[in-house]
Amino acid sequence: MNSRRDFLQKIGLSALAIPILHTNNLLPSGRLDPRHLSKPLDGPMLRVAIMGLGGYGGRVAEAMLNCKRAKLTGLISGTPAKVKAWQEKYGIPAKNCYTYQTFDQVKDNPDIDAVYITTPNALHHDQVIRVAKAGKQVICEKPMALNALQGQEMVDACQKAGVKLLVGYRMHFEPKTLEIVRMRTSGELGKIRFFQGLSGFTIGDPTQWRLNKELAGGGSMMDIGIYSVNGARYMVGEDPIWVTAQETKTDPVKFKEGVDETIQFQLGFPGGAVASCLSTYNMNNLDRFFLDAEKGFAELQPATGYGPIKGRTNEGELTQPHVTHQTVQMDEMAQILLDGKTPIIPVDGNEAVKDLKVLDAVYEACRTGSKQTLNL
Ligand code: NDP
């Protein structure tokens, strides 16, 4: 029987009795920690400034309103009108608002513990390093950088500055995803044989930064294909040792030189499992993970959207409750940064460098047509 339902029956509660399931309330086994029922999520608040008041920054800010351990206390933006609107909406004082020219001064602001960077990909490298030098904890959106070399420089800068670097891998805290990881690590699925990752959508406005090589660093692989790269690693539970990849471009006007439209790639893992993945900006309905193993299977579809995530395994439908990913992520990250908690799936800069190494190899495999060896 499903572990959560099993637990609820044992304690005689209906599912409605637990309004929000935070993954920090799951035991390492994936079962609900009974102490959660009597012990609310308490402890100091992580005070966060968001850098880049765009679509995703707005989603994170909204989600943090429901956090128990994280709250928005600062803004960094190049658009004064947005700053004004956000100040009013979230009650942020002027002394906690910065521009891209002035944000090094967060160093002297005791109201800000961490800066969450939600700007276009190409800006992450310099911004992360500047925040680290200002002595604040850093949370950076995916892709953390444009390549593994940049990523390693960011990890090194944070280490040198004595701050932590986390990456917005929200799926690492998603309950159905974690249940599959639990089934794999407990041995219930047996030896992992195959992973399929399909990640794509049809992108609109051709003038947006996502289709600008200078700001995006590439095309669909940087934005959406990275979910299949990262997902392959946490679903299989190993780091790949080789990559092959093939690129297809049907619209070279919209997808210019260096901006990939569609890439298929394959990964090989040390335990013998293989992965077959697709990343595209030119097809809809592609958000699916499938894991095939010796004793069973697991699938998620949608696998990485904002939810509800849906999935099933050889045991039946996955019934873990829907959570707002960014709320859970920020409560979990507060515990990682303030309490030293270790997440079930890593979300640090080193984890992101591994994905960037795979992305580098995918692009190199497309360019050369040859198999790339990986050493993550
Ligand atoms: P948006 O274009 O909606 O927002 C980016 C913001 O960055 C802008 O609004 C702007 O804010 C700021 N900015 C600074 N310099 C520039 C520039 N040169 N061009 C454009 N914007 C600039 O992008 P998203 O919010 O969708 O994406 C931001 C990051 O978040 C990306 O790295 C993306 O991959 C990631 N992301 C992650 C998701 C996830 O699920 N984890 C989902 C969506 C995005 P201001 O005006 O305040 O300066």
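For region 61-152, the set of chymotrypsin sites (Phe, Trp or Tyr not before Pro) satisfying both a DSSP loop assignment and a count of at most 16 other C-beta atoms within 10 Å is given as 100. Scalar couplings 3J(HN,Hα) for region 107-122, obtained by applying the Karplus form with A = 6.51, B = -1.76, C = 1.60 to θ = phi - 60°, are 3, 9, 9, x, 7, 10, 9, 9, 10, 9, 8, 10, 9, x, 3, 5 Hz; x denotes Gly and Pro. Tell me the net charge near residue 258. Cut-off is 15 Å between Cβ atoms, residue 258 excluded, with +1 for each Lys or Arg and -1 for each Asp or Glu. Net of charged neighbours comes to -3. Cα centroids of region 302-318 and region 93-126: 36 Å apart.
Taking the Kirkwood radius as Rh and the Cα radius of gyration as Rg, region 127-175 has a ratio of Rg/Rh equal to 1.00. With 26 Å as the limit, the listed pairs 254/371; 142/256; 71/133; 249/357; 160/357; 71/310 have 254/371; 71/310 beyond it between alpha carbons.
With protein chains left intact and a 1.4 Å probe, residues in region 211-254 average 36 Å² of accessible area per residue.
Farthest toward the positive end of the dipole of the chain, out of 61, 370, 229, is the Cα of 61, where the dipole comes from beta carbon charges about the Cα centre.
The Cα atoms of the chain define a convex hull whose projected area, averaged across directions, is 18.4 nm².
Spin-label pair residue 105-residue 246: with each label point 7 Å from Cα along the Cα-Cβ axis, the two points sit 5.6 nm from one another. A DSSP coil position with no more than 11 other Cβ atoms inside 10 Å describes the following trypsin sites (Lys or Arg not before Pro) in region 290-346: 295.
What fraction, in whole percent, of alpha-carbon pairs in region 222-340 exceed 21 Å separation? Here the tail beyond 21 Å accounts for 52 percent of pairs. Across region 246-262, computed HN-Hα scalar couplings (Karplus, 6.51 cos²θ - 1.76 cosθ + 1.60, θ = phi - 60°) run 9, 10, 10, 10, 9, 9, x, 7, 6, 10, 6, 3, x, 10, 6, 8, 9 Hz from first to last residue, x flagging Gly and Pro. Note on region 208-356: with neighbouring protein chains present and a 1.4 Å probe, carbon and sulfur make up 49 percent of its accessible heavy-atom surface.
Each Lys or Arg adds one and each Asp or Glu subtracts one; over the other residues with Cβ under 12 Å from the Cβ of residue 151, this totals -3.
Solvent-accessible surface of region 318-370, taken per residue with a 1.4 Å probe and all protein chains present: 35 Å². A simple packing score, the average count of other Cβ atoms within 10 Å per residue, orders the peptides 208-218, 130-140, 232-242 as 130-140, 232-242, 208-218, with the highest score first. Secondary structure note: in the chain, about 55% of the DSSP beta bridges are antiparallel.
The values are calculated or read from the model by the stated rules, or taken from the named source; none is laboratory data. Note that the structure is predicted; figures quoted are calculated from it, not measured. Neighbour counts run over all protein chains shown; Cβ positions are idealised from the backbone, glycine included. Keep in mind that these areas ignore ligands, DNA and RNA; they rest on the heavy atoms of the full protein, side chains included. Shrake-Rupley method; radii C 1.70, N 1.55, O 1.52, S 1.80 Å.
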